[in-house]
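Since the structure comes first, as structure tokens, the remarks are kept for the end.
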Amino acid sequence: MAELIDVLDENGVKTGQIVTRDEVHKKGLWHRAIVVAVINEKNEILIQQRSANKEKNPGKWDISVAGHISTGQDALMAAAREINEEVSVNLGFSVEVKEFRYMYSFRKQQVFADDFIENQFYDFFILRQNGLNKESLKFQEEEVQAIDFVSISKLNEMRNTDMFVERSEVYDILTEYLFRL
């Protein structure tokens with residue numbers, strides 16, 4: 001079943017229109033998404049390598065989790081859903097909305113193709129979890145082909161290459177946050 005998305009106006013206000021995820025991108029309609037940085041007790045950030053089959057940024061490394069906010073969800077619900085779908089811990093670990101720290105919101109426009117336009121409002125969250133390491137996590141293979149934990153220095157090195165999804169708005173705030181600790 002196709003994912004349904006609330007259409008927003010250019011100020012981020014719901015218009016009342018609901019369309020499929022494909023349609024929102026084909027028409028370049030404004031909509032909302034989430035981005036989450038998962039950080040362990042060593043201040044390492046979980047990064048994921050996107051599946052080679054993804055329509056956008058295939059095979060590139062990216063922040064821990066990103067995804068759309070479906071109709072009927074708020075940003076926190078979507079963040080918890082995306083983490084529980086894409087990356088989870090083998091030992092019955094699940095994430096609750098109260099565990100997220102809201103950082104900020106921003107809007108971004110990107111054109112990937114004539115029929116793939118992203119006009120999105122993003123809500124950026126941080127999720128701190130102790131005891132996480134690469135071996136303790138499993139991931140949704142249709143979405144993610146590899147995961148790793150990296151220091152903020154390594155993340156900043158990687159983001160300056162073509163191997164990483166461009167999310168400077170997120171990485172800059174994440175860097176400030178981790179260097180303040």
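State whether the residues of the range 71-84 include one that is part of a loop (DSSP other than H, G, I, E, B), under 17 Å from residue 149 (Cα atoms) and either free of Cβ contacts under 8 Å to residues at least 12 places away in the same chain or in contact with a helix residue (DSSP H, G or I) (Cβ under 9 Å, 6 or more places away or on another chain) (or both).
No, the range 71-84 contains no residue that is part of a loop (DSSP other than H, G, I, E, B), under 17 Å from residue 149 (Cα atoms) and either free of Cβ contacts under 8 Å to residues at least 12 places away in the same chain or in contact with a helix residue (DSSP H, G or I) (Cβ under 9 Å, 6 or more places away or on another chain) (or both).
State yes or no: is residue 112 over 17 Å from the mean Cα position of the chain (by Cα) and in contact (Cβ under 8 Å) with a residue 24 or more places away in the chain?
Yes: the conditions hold for residue 112.
If you check every pair at least six apart or on different chains, which have Cβ atoms under 8 Å apart with a residue in the range 23-39 that is closer than 28 Å to residue 147 by Cβ first and a residue that is in a strand (DSSP E or B) and among the small types (Gly, Ala, Ser) second?
The qualifying pairs are 33/66; 33/67; 34/66; 34/67; 35/66; 36/66.
Surrounded by 13 or more Cβ atoms within 10 Å (Cβ to Cβ) and either touching a helix residue (DSSP H, G or I) at 6+ places or on another chain (Cβ under 9 Å) or without any contact (Cβ under 8 Å) to a residue 60 or more places away in the chain (or both): does that describe residue 170?
So residue 170 fails the test.
Inside the range 28-41, can you point out the residues that are of a type in the set (D, E, K, R) and either within 19 Å of the chain's Cα centre (by Cα) or modelled with pLDDT of 95 or more (or both)?
32 - this is the single residue of the range 28-41 that is of a type in the set (D, E, K, R) and either within 19 Å of the chain's Cα centre (by Cα) or modelled with pLDDT of 95 or more (or both).
What are the pairs with Cβ atoms under 6 angstrom where one residue, in the range 119-143, is closer than 15 Å to residue 65 by Cβ and the other, located anywhere, is assigned to a loop (DSSP other than H, G, I, E, B)? Sequence gap at least six, or different chains.
From the range 119-143, the pairs are 132/40; 138/90; 143/51.
Please go through the range 125-167 and pick out each residue that is of a type in the set (A, V, I, L, M), within 25 Å of residue 84 (Cα to Cα) and surrounded by 15 or more Cβ atoms within 10 Å (Cβ to Cβ).
126, 127, 132, 137, 144, 147, 150, 152, 155, 165, listed by residue number.
The values are calculated or read from the model by the stated rules, or taken from the named source; none is laboratory data. All figures in this text were calculated on a predicted structure; none of them were measured in a lab. Don't worry about glycine lacking a Cβ; one is built from the backbone with ideal geometry, like all the others, and counts go over all protein chains shown.
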